[in-house]
Amino acid sequence: MDRMDWTSPNWKCDPGYPEDETADDLVYDAAVRAETEHLYEKVKDVILPDEWPAHAPLIAAINRLKKDKGAIILAHNYMTPEIFNCVGDLSGDSLALARMAARVEEDTIVQAGVHFMAETAKIMSPEKTVLIPDMRAGCSLAESITGEDVAAIKAKYPDYPIVTYVNTSAAVKAEADVCCTSSNAVQVTEWAAREWATDTVILIPDEFLARNVAANTGVRILTWKGSCEVHERFTAEDVEALREGHPGIVVLTHPESPVDVVKAADFAGSTAAMANYVRDQRPEKVVLLTECSMSDNVAVENPGVNFVRPCNLCPHMKRITLQNIYDALRYNRFEVEVDAQTAARARVSIQRMLDLPKPDRPAQFDRDRAPVEVELV
């Protein structure tokens, strides 16, 4: 079995296999058409009819292989629609996937997402085999900080709890006190302040998430200068242009976006909160300022809503394809390992988050509250 070790992640490395490896026996015939037509009915509004014959043979093969090998696929919201809707068994945002990983019964987990998600799955289910289809599927935010950086922060600020975004490596989680996601960042920050009896919490590594949390809580926030390359590129000018070009449009954004984007939008919330907003409010015309596939997957669940799609692609998420999911299952590659000591310490941080009461609803951010000064550590 090919193995990879993300305790020292380097998603720029050579994958070690041909980019265009395909199986000659995967064809779109009558049997595959019958086997997959119910799935195409679900995604027909976001996948063109002439594209489906390229996807369907792999989808059918993957769904058969999962049963044969006792495997389950965890799919993040940023996966393309043919992955998220047609082969993903459990799907959601980072918080949902962390909860799911701890309860998986199958022997093998295939992470349709990026490496920190696969690490989290391995940490929460250490007895399982965890595979990631492409070892280069990294994350700009996770790569912005190391475990050594967090250890140095702890030494400098020993009295303040460190809350780390789940979008970090196992080594970073191991040095932190508790994890959070965009769905519960305010809740976890306020819990940490109470638990450590302090008015100051260090929230790392996303600078924009920290600034948006600071504006929505009375806790003083220190942070790190990291960011998501998908969300940091949105601007308030983008929002203005959308409103001019699409009168009446409802603009939703993510708290990883800059503060001025959050203030310019109609709604700011976590991945799950944005999906819930569309489901509950049913806006006539909407744009999600986030990763492109998120809009496609929310659109699948909300037929009749008009989605405008000036989004940003995550190049790391897009390394995960039907082809390499198929290869991961067929050849048992690439297995994610986290050393036992790091995993044990990281599990404490993750479990503290999971043990908190589940929020009544995913986090949404009050756009009208004044920005708060946030100090970089």
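Applying the set (1) over 22 Å from LEU97 (Cα atoms); (2) of a type outside the set (A, V, I, L, M, F, W, C); (3) open to solvent by less than 10 Å² (accessible area, probe 1.4 Å); (4) under 23 Å from the mean Cα position of the chain (by Cα) to GLU207 leaves exactly one unmet item: (3).
Taking segment 333-346 as the range and being touching a helix residue (DSSP H, G or I) at 6+ places or on another chain (Cβ under 8 Å) and over 29 Å from ILE162 (Cβ atoms) as the test, the residues that pass are ARG333, PHE334.
For segment 87-120, the tally of residues that are crowded, with 19+ Cβ neighbours inside 10 Å and within 19 Å of ASN184 (Cα to Cα) stands at 13. Looking at segment 347-371, which of the residues that are modelled with pLDDT of 80 or more and touching a helix residue (DSSP H, G or I) at 6+ places or on another chain (Cβ under 7 Å) is nearest to LYS122 (Cα to Cα)? Checked segment 347-371; the qualifying residue nearest to LYS122 (Cα to Cα) is ARG347.
For segment 71-100, a residue qualifies if it is part of a helix (DSSP H, G or I) and not small (Gly, Ala, Ser), and the qualifying residues are PRO81, GLU82, ILE83, PHE84, LEU95, LEU97, ARG99, MET100. In segment 101-129, the residues that are part of a loop (DSSP other than H, G, I, E, B) form Cβ pairs under 9 Å with partners that are among the polar types (S, T, N, Q), at six or more places apart or across chains, as follows: ALA102/SER125; ALA102/GLN351; ARG103/SER125; VAL104/SER125; ASP107/THR129; GLY113/SER94; VAL114/ASN167; LYS128/THR108. Taking the criterion of being within 17 Å of VAL348 (Cβ to Cβ) and open to solvent by 40 Å² or more (accessible area, probe 1.4 Å), would at least one residue in segment 168-177 satisfy it? No, segment 168-177 contains no residue that is within 17 Å of VAL348 (Cβ to Cβ) and open to solvent by 40 Å² or more (accessible area, probe 1.4 Å).
Given the criterion crowded, with 20+ Cβ neighbours inside 10 Å, within 19 Å of the chain's Cα centre (by Cα) and aliphatic (A, V, I, L, M), identify the matching residue among LEU288, LEU329. Steps first, please.
Numbers: LEU329 fails: within 19 Å of the chain's Cα centre (by Cα).
Testing whether each residue is crowded, with 20+ Cβ neighbours inside 10 Å, within 19 Å of the chain's Cα centre (by Cα) and aliphatic (A, V, I, L, M) leaves just LEU288.
Which of the residues belonging to segment 25-48 are aliphatic (A, V, I, L, M) and either open to solvent by 40 Å² or more (accessible area, probe 1.4 Å) or in a loop (DSSP other than H, G, I, E, B) (or both)? Talk me through it step by step, then tell me what you get.
To start, the set of residues in segment 25-48 that are aliphatic (A, V, I, L, M) comprises 26-27, 30-32, 34, 39, 43, 46-48.
Within segment 25-48, LEU26, VAL27, ALA30, ALA31, ALA34, VAL46, ILE47, LEU48 meet the criteria.
Suppose the filter is open to solvent by less than 10 Å² (accessible area, probe 1.4 Å) and in contact with a helix residue (DSSP H, G or I) (Cβ under 6 Å, 6 or more places away or on another chain); does VAL239 pass it? Don't jump to the end; show me each part of the working.
Working: open to solvent by less than 10 Å² (accessible area, probe 1.4 Å): yes; in contact with a helix residue (DSSP H, G or I) (Cβ under 6 Å, 6 or more places away or on another chain): yes.
Yes, satisfied.
Among the residues of segment 300-326, those that are open to solvent by 70 Å² or more (accessible area, probe 1.4 Å) and either at pLDDT 95 or above or of a type outside the set (A, V, I, L, M) (or both) comprise GLU301, PRO303, GLY304, ASN306, ARG309, ARG319.
Kindly indicate the residue of segment 248-280 that is among the hydroxyl-bearing types (Ser, Thr, Tyr) and farther than 16 Å from THR235 by Cβ and also most open to solvent (accessible area, probe 1.4 Å) among those meeting that condition.
Kept after step one, since they are among the hydroxyl-bearing types (Ser, Thr, Tyr), are these residues of segment 248-280: 253, 257, 270-271, 277.
Going one step further and asking which of them are farther than 16 Å from THR235 by Cβ, we end up with 270-271, 277.
Numbers: SER270: 0, THR271: 8, TYR277: 55 Å².
Residue satisfying both the conditions and the ranking: TYR277.
Touching a strand residue (DSSP E or B) at 6+ places or on another chain (Cβ under 7 Å) and either within 25 Å of GLU229 (Cβ to Cβ) or at pLDDT 95 or above (or both), is that true of VAL166?
On the way: touching a strand residue (DSSP E or B) at 6+ places or on another chain (Cβ under 7 Å): yes; either within 25 Å of GLU229 (Cβ to Cβ) or at pLDDT 95 or above (or both): yes.
Judged against the criteria, VAL166 is a match.
Looking only at residues of segment 213-236 that are open to solvent by 10 Å² or more (accessible area, probe 1.4 Å) and not in a loop (DSSP other than H, G, I, E, B), we find that the one that is farthest from VAL372 (Cα to Cα) is ALA236. Filtered by the rule that a residue be over 14 Å from PRO133 (Cα atoms) and in contact (Cβ under 8 Å) with a residue 12 or more places away in the chain, segment 67-79 gives LYS69, GLY70, ASN77, TYR78. Just so you know, in segment 130-153 the residues that are in contact (Cβ under 8 Å) with a residue 60 or more places away in the chain and of a type in the set (D, E, K, R) include one that is nearest to LEU329 (Cα to Cα), and it is ASP134. Scoring ASP360 on the criteria (1) touching a residue at least 24 places away in the same chain (Cβ under 8 Å); (2) assigned to a loop (DSSP other than H, G, I, E, B); (3) surrounded by fewer than 23 Cβ atoms within 10 Å (Cβ to Cβ) leaves a single failure, condition (1).
Results for (1) more than 22 Å from GLN111 (Cβ to Cβ); (2) in contact with a strand residue (DSSP E or B) (Cβ under 7 Å, 6 or more places away or on another chain); (3) not small (Gly, Ala, Ser), shown as yes or no for each residue.
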{"site": "VAL286", "(1), (2), (3)": "yes, yes, yes"}
{"site": "VAL305", "(1), (2), (3)": "yes, yes, yes"}
{"site": "LYS318", "(1), (2), (3)": "no, no, yes"}
{"site": "ALA344", "(1), (2), (3)": "no, no, no"}
{"site": "PRO359", "(1), (2), (3)": "yes, no, yes"}
{"site": "PRO362", "(1), (2), (3)": "no, yes, yes"}
{"site": "ASP368", "(1), (2), (3)": "yes, no, yes"}
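The values are calculated or read from the model by the stated rules, or taken from the named source; none is laboratory data. These numbers come from a predicted model, not from an experiment. In this analysis, Cβ positions are derived from the backbone assuming ideal geometry, glycine residues included, and neighbour counts consider all displayed protein chains. Accessible surface areas use protein heavy atoms only, side chains included; no ligands, DNA or RNA. Shrake-Rupley method; radii C 1.70, N 1.55, O 1.52, S 1.80 Å.
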